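Asks: Take a look at the following structure, please.
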Amino acid sequence: MGLKKIRFMDTSFRDGFQSVFGARVKTKDFLPAIQASVSAGIKHFEFGGGARFQSLFFYCQESAFDMMDQVRLTVGPDINLQTLSRGINVVGLSQQPRDIIKMHAELFRKHGTTTIRNFDALNDMNNLDYSGRSINEAGLKHQITITLMGLPPGVKDRSVHTAEFYMEKLNDILRLDIPFSSIVFKDASGTCPPEIVYETVKKARKKVGSKVTLWFHTHDTAGLGIICYMAAIRAGIDGIDLAQSPVSSGTGQPDILSMWHSLRNSGYSLDIDYEKILESERIFEESMSRYMIPPEAKRTSPNIVLSPMPGGALTANTMMMRDSNTLHLYPKVIEEMANVISKGGYGTSVTPVSQFYFQQSFMNVVQGQWKRIADGYGNMVLGYFGKTPRKPDPEIVELASSQLKKEPFDGNPVDILEPGIPSAKEMLAEQGLPLSPENIFIVATCKNKGVDFLKGNAPLAIYYKDEAKPAVPGSLPKTEKSMQPITLKLDAPYIETAKLAQVLKGIPGIQIIESQTDSHTKHPVHKTSGKTVKHTGLTKEVIAPQPGRIRKILKANGNRVEEDEIVLHLIFMDIEHDIPACFSGHIDKIMVSEGDFIKSGQLLFTIK
């Protein structure tokens, strides 16, 4: 009896790039590597979607559609090219209406896709219904997903993220009769315990029979990748995800050759010529030799099992923290994630929910626990992304409702979304840009940053070894969500500046501006959100509360502004923050320009 061949998909050119390089890789640099991979006999690749859609527009000054076309041209017509979709979010972080969901499937087929892996981070299978049917109707293979993760220690609710819980989700898929070509169990953080992997696959195989293709996906971040793959294989899995060096292991998938070796004498094998894979990896490593590999991307991180952060998000987040000089806060942010997950309803830590967790954890660390609810996290606990596996903490729901000024919602998220094509066309027309389907989709999923790209204003932010910083000095990624910096609540209307500085000096996220006048002079301190204010006579100076990039300036010198009226948008840590006027008056002088990269404490504008 011959060895059973385990199928595999090479994730190097999507998840590998996302997990190791923060998704910031130029197309011309990797085409020789994917061509070598085809020559080595690999027939199935992940090549787009996920963060590798937006990242090309945001950081690489390239179109994701152009990249997809070039890859298809390079590999030929017969290779299975797969992309990743986030259910009703498709390839963005926000929910998309039905017309954009349908357009996603049609455009991705047009640009060379064979298969779309489709997941929902909340495991709300209603979110995969319309998107899955759209993929199927477009003539693509639909790989439907159940998302997995390991629960952090100390979590009391053990009714979620178990084999039984995942079977509930499989039953939901079958009950809804969503069309699919295969089923994948996706552990984006690499934290699901091997025994739960084994029991999940075993139960699923018994449920669906031998004719349904089952796949398993994990990351090696916590060092569990190969042992979880072995558990899945012994339980009856058909295929797994692997990668090539230099993007294998660490935050990526286990290496093809490592997995091949692990299967020796097991009764299973990969259908590869290891010498050809060695040559392919040599060419790949040479192709990527200019790129800086963050140390956290290539090491085992045992603490991830305590606070599950997906490999594909970990490096993207640390890249942004490098951009904004906040990387020193990373350990505290990761530690805070367990708290954020448990109070948020136990959605799987995979994009976009992993980003919501990270953003909320970041705010809790910088501003104090639950002082500010991030928009994405708040909308999730309120129900606007679908149903969380378990009900979120009622106090957090109340806080989110109060801060976001929204009521909780328990319906289908896409039912309350206006069609996206008309508004995208309007944005394009206002900018004098062509109304092509690709442009419409870019603007619908990337919003203002999509417009920036189409107008040629997107930054280049790729890290190379010889620079150890973004390709354009000082460049930062542009971002999209909103975040409020710290508001200082003072008991007295006046406070001595020197004493204030002494008390608050060194607290992360708080910016103290000291006057040049005598330290015993008292200055009025106004409780304003989203700014640091310094008085100089009749002029008030508004100071940047954190580093970032000036996205948009809404006012001009001399304009009348009311208190809390928005003056400009500042991008920071994948979040768009509104900087308002601190007082009613007239803009005296705006000190920055659109596109400027500013430091914490830098003067933004003055008001008289």
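The values are calculated or read from the model by the stated rules, or taken from the named source; none is laboratory data. Quick caveat: nothing in here was measured; it's all calculated off a predicted structure. Glycine gets a Cβ as well: all are built from the backbone with ideal geometry, and neighbour counts include every protein chain shown. Note: accessible area is taken over every heavy atom of the protein model, side chains too, but ligands, DNA and RNA are not part of it. Shrake-Rupley method; radii C 1.70, N 1.55, O 1.52, S 1.80 Å.
Asks: If we scan segment 225-239, do we find a residue that is under 20 Å from residue 354 (Cα atoms), crowded, with 20+ Cβ neighbours inside 10 Å, of a type outside the set (Phe, Trp, Tyr) and without any contact (Cβ under 8 Å) to a residue 40 or more places away in the chain?
Replies: yes
Asks: Can I ask one more? With respect to residue 447, determine if the residue is among the basic types (Lys, Arg) and assigned to a helix (DSSP H, G or I).
Replies: yes
Asks: Something else: Residues of segment 416-444 being open to solvent by 70 Å² or more (accessible area, probe 1.4 Å) and under 20 Å from residue 376 (Cβ atoms), which ones?
Replies: 416, 418
Asks: Six or more apart or on different chains, Cβ under 7 Å: which pairs go from a residue in segment 262-288 that's within 17 Å of residue 45 (Cα to Cα) to one that's of a type in the set (Val, Ile, Thr) and outside any helix (DSSP H, G or I)? Could you list them?
Replies: 270/6
Asks: Quick one: which helices (runs of 4 or more DSSP H) sit completely within segment 1-73 and have at least 2 residues that are without any contact (Cβ under 8 Å) to a residue 60 or more places away in the chain and under 15 Å from residue 83 (Cα atoms)?
Replies: Because the criterion is at least 2 residues that are without any contact (Cβ under 8 Å) to a residue 60 or more places away in the chain and under 15 Å from residue 83 (Cα atoms), the helices (runs of 4 or more DSSP H) in segment 1-73 that meet it are 51-59.
Asks: While we're here: Could you say which residue among 180, 216 is farther than 26 Å from residue 306 by Cβ, free of Cβ contacts under 8 Å to residues at least 60 places away in the same chain and touching a strand residue (DSSP E or B) at 6+ places or on another chain (Cβ under 6 Å)?
Replies: Testing whether each residue is farther than 26 Å from residue 306 by Cβ, free of Cβ contacts under 8 Å to residues at least 60 places away in the same chain and touching a strand residue (DSSP E or B) at 6+ places or on another chain (Cβ under 6 Å) leaves just 180.
Asks: Based on what the data block shows, is residue 62 within 19 Å of the chain's Cα centre (by Cα), among the charged types (D, E, K, R) and open to solvent by 20 Å² or more (accessible area, probe 1.4 Å)?
Replies: yes
Asks: On to the next question. Going through 589, 599 one at a time, which residue ends up being modelled with pLDDT of 90 or more and open to solvent by 10 Å² or more (accessible area, probe 1.4 Å)?
Replies: The conditions single out 589.
Asks: Also: In segment 19-57, what residues are open to solvent by 10 Å² or more (accessible area, probe 1.4 Å) and either at pLDDT below 95 or aromatic (Phe, Trp, Tyr) (or both)?
Replies: 51
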